[in-house]
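Below: the structure, in structure tokens.
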Amino acid sequence: MPATPRFRQGAGRLCLDFVRTLRHRGSPDVVEELPDAEALLAWVRQCGPCADATGRPEAANARELREAVHALITAARAGRTPDAPSRDRVNSAAAHAVPVPHLTSAGHLAQHADDPVRATLALVARDALDLVTSPSLTRLRNCAGPTCGALFLDISRPGNRRWCSMGTCGNRAKKETLRVRTG
């Protein structure tokens with residue numbers, strides 16, 4: 001039986017899944033999911049294209065990139081120019097080489113990078129730059145969960161999705177509504 005994924009995915013963009021690694025952002029229940037190199041490697045293996053990533057990456061740099069991506073997205077959503085340090089950090093990360101696709105002997109698509117963590121973070125940065133300059137920015141939402149703080153891309157046809165995930169925050173809200181009605 002496969003292991004349960006360690007990190008939440010499904011925000012609709014790689015950069016948003018990366019930003020989610022600071023869970024419950026802005027609440028007293030904030031949880032850092034990238035405290036060390038092992039956690040960063042686990043995120044890259046689970047969420048990035050290089051499932052066999054190895055090495056001893058610097059988690060502090062990754063957290064700084066995550067916060068710069070969050071600042072860039074926040075500024076863009078508010079119609080403001082992002083601060084120079086955040087913009088420079090994201091631009092710098094985006095300048096690195098990204099994973100290179102290749103077809104394996106079994107006919108499967110695989111990705112390779114000499115530095116898989118740096119290459120995956122380059123993808124994150126490039127995705128953030130694309131998001132903040134695209135029409136998709138108008139479909140970016142904050143989860144309605146009171147302590148969640150997650151951002152997600154609402155690709156629903158009516159554009160009225162409220163929860164980062166129906167399996168977590170949406171389900172909690174439904175249970176709470178039912179408890180209040182029956183209580």
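Go ahead and run the numbers for FRET between ALA51 and ARG181, Cβ-Cβ distance against an R0 of 35 Å, rounding to 0.05.
It comes to 0.20.
Taking the Cα centre of each part, how many Å lie between region 68-135 and region 6-29?
16 Å
Using unit Cβ charges (K, R positive; D, E negative) and no other charged atoms, how large, in debye to the nearest 20, is the dipole of the chain about its Cα centre?
1120 debye
Top to bottom by accessible area (1.4 Å), largest first, where do TRP163, TRP43 land?
These residues rank, largest area first, as TRP163, TRP43.
Could you work out, for region 5-106, what percent of all Cα-Cα pairs fall into each 10 Å distance bin, beginning at 0 Å and stopping at the bin that holds the largest distance?
Final binned percentages: 14, 43, 33, 9, 2.
Lys/Arg Cβ at +1, Asp/Glu Cβ at -1, dipole of the chain taken about the Cα centre: which of ILE73, GLY107, GLY149 is farthest positive-ward?
GLY149
Considering the Cα positions of region 61-162, please state its Rg to one decimal place and its Dmax as a whole number of Å.
When restricted to the Cα atoms of region 61-162, Rg and Dmax are 16.1, 48 Å.
How much area per residue is accessible in region 1-125 when the probe is 1.4 Å and only protein heavy atoms are counted (Å²)?
On a per-residue basis, region 1-125 sits at 53 Å².
May I ask for the angle, rounded to the nearest 10°, between helix 116-132 and the longest principal axis of the chain, with both axes built from Cα atoms and the value confined to 0 to 90°?
50 degrees
On C-alpha positions alone, give me the angle between the axis of helix 37-47 and the longest principal axis of the chain, in degrees, nearest 10.
Helix 37-47 and the main axis of the chain meet at about 80 degrees.
Net charge near ALA97: determine it from the other residues with C-beta under 9 Å of the C-beta of ALA97, scoring Lys and Arg +1 and Asp and Glu -1.
Surrounding charge for ALA97 is -1.
With Cβ to Cβ distances under 14 Å as the rule, what net charge do the other residues near SER86 carry (K, R +1; D, E -1)?
So the environment of SER86 carries a net charge of +2.
Report Rg(Cα)/(2.2 N^0.38 Å) for the chain, keeping two decimals. Mind showing how you got there, number by number?
Numbers: Rg = 17.5 Å, N = 183, 2.2 N^0.38 = 15.9 Å.
Computed over Cα atoms of the chain, the ratio equals 1.10.
Pairs of alpha-carbon atoms within less than 8 angstrom and 6+ residues apart define the contacts here; what relative contact order does the chain have, in percent? Please list the in-between numbers first.
Values: 264 pairs, mean separation 42.3, N = 183.
For the chain, the relative contact order is 23 percent.
So in the chain, which Cys have no other cysteine's beta-carbon sitting under 4.7 angstrom from theirs?
CYS15, CYS47, CYS50, CYS169
Please determine, in degrees from 0 to 90 and to the nearest 10, the orientation of helix 59-77 with respect to the longest principal axis defined by the Cα atoms of the chain, where the helix direction is its Cα long axis.
Roughly 60 degrees between the two axes.
With all protein chains present, how much of the accessible area of region 36-183 (probe radius 1.4 Å) comes from carbon and sulfur, to the nearest whole percent?
Exposed carbon and sulfur together represent 53 percent of the surface.
The values are calculated or read from the model by the stated rules, or taken from the named source; none is laboratory data. Source: prediction; values computed, not measured. Every residue, glycine as well, gets a Cβ built from its backbone with ideal geometry; the counts of neighbours run over all protein chains shown. Note: areas computed on protein heavy atoms with side chains; ligands, DNA, RNA excluded. Shrake-Rupley method; radii C 1.70, N 1.55, O 1.52, S 1.80 Å.
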